[in-house]
1. For residue 287, all conditions in the list (1) over 30 Å from residue 189 (Cα atoms); (2) surrounded by fewer than 18 Cβ atoms within 10 Å (Cβ to Cβ) hold save one; what is the number of the exception?
2. Could you figure out which of (1) surrounded by fewer than 16 Cβ atoms within 10 Å (Cβ to Cβ); (2) out of contact with any helix residue (DSSP H, G or I) (no Cβ under 8 Å at 6 or more places or on another chain) isn't true of residue 101?
3. Taking interchain pairs and intrachain pairs at least six residues apart, which have beta carbon atoms under 8 angstrom, with the first residue in segment 23-52 and on the phi < 0 side of the Ramachandran plot and surrounded by 12 or more Cβ atoms within 10 Å (Cβ to Cβ) and the second part of a strand (DSSP E or B) and at pLDDT below 95?
4. Looking at residue 194, is it free of Cβ contacts under 8 Å to residues at least 24 places away in the same chain and in contact with a strand residue (DSSP E or B) (Cβ under 7 Å, 6 or more places away or on another chain)?
5. Starting from segment 154-177, take each residue that is modelled with pLDDT under 90 and list its partners that are crowded, with 18+ Cβ neighbours inside 10 Å, counting only C-beta distances under 8 angstrom and pairs at least six apart or across chains.
6. Look at residue 85 and say whether it is at pLDDT 95 or above, out of contact with any helix residue (DSSP H, G or I) (no Cβ under 9 Å at 6 or more places or on another chain), part of a helix (DSSP H, G or I) and more than 26 Å from residue 281 (Cβ to Cβ).
7. Do you know which residues across segment 225-236 are surrounded by fewer than 19 Cβ atoms within 10 Å (Cβ to Cβ) and in contact with a strand residue (DSSP E or B) (Cβ under 7 Å, 6 or more places away or on another chain)?
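The values are calculated or read from the model by the stated rules, or taken from the named source; none is laboratory data. As the structure is a computational prediction, the values presented were derived from the model and not from experiment. Using ideal geometry, Cβ is built from the backbone for each residue, glycine included, and neighbour counts are taken over all protein chains shown.
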């Protein structure tokens, strides 16, 4: 408490030089889960997050965010991120998404633990942090560019760097995004579309991953999700698939949540498919946001 008071006092005293703010939040969850046909187990966690923001005398905004469990990585730029924004757009550095992932993202998942995140497609970027991400918006159009840390390994000369470019566009309740990532001969092309129709929302994401090896085929993947809000309840579902192997791998999931108010909700999900050879996965628990 003393440190928080001293920090707040320092911010007040320097308010004339630059507007600044530090806030503390977090999330938690607790419940039960079963993974790939396994036994039911407890699953819980709590994470505390810090967010800081400020503004220079000439109008540039800056800030950063990090979770307490990533604090050690934050000092080297591999946990959390910092940013500066102005007329040139926004530049963020640290543990940030690639341009393609920022513009396209993933379809929605289910469950309070994610249940393996089989709703996600594969992206290349993010392995060599600190990475840098730039975005600039002109009305409904947003442009993105990103790069992984150059000269990441001092023992390797002419190492490949993660590079990515993307754009997104929104038209009313419909949004689209497309992006490309490259690392040497590796490449990912991703595209997505999302729409909100009253209380319902849908998203479709497609990705094509090329590992750069001439003897192997590209892996094409897709994921589609839908959710519907009815009062305090939200119902969700996804289906996903890829061309891995002779016949590919398909998965699906269904889930629901009930808002308890105050940042708490009851949430659960069920997932099954080819990626779970021993049986389905499910979870049920309480999520918390504070």
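1. Exception for residue 287: condition (2).
2. (1)
3. 50/22; 51/22; 52/20; 52/21; 52/22
4. So residue 194 fits the description; yes.
5. 160/183
6. On the way: at pLDDT 95 or above: yes; out of contact with any helix residue (DSSP H, G or I) (no Cβ under 9 Å at 6 or more places or on another chain): yes; part of a helix (DSSP H, G or I): no; more than 26 Å from residue 281 (Cβ to Cβ): yes.
No, not satisfied.
7. First pass over segment 225-236, keeping only residues surrounded by fewer than 19 Cβ atoms within 10 Å (Cβ to Cβ): 226, 228-235.
Selection gives 226, 228, 232, 233, 234, 235.
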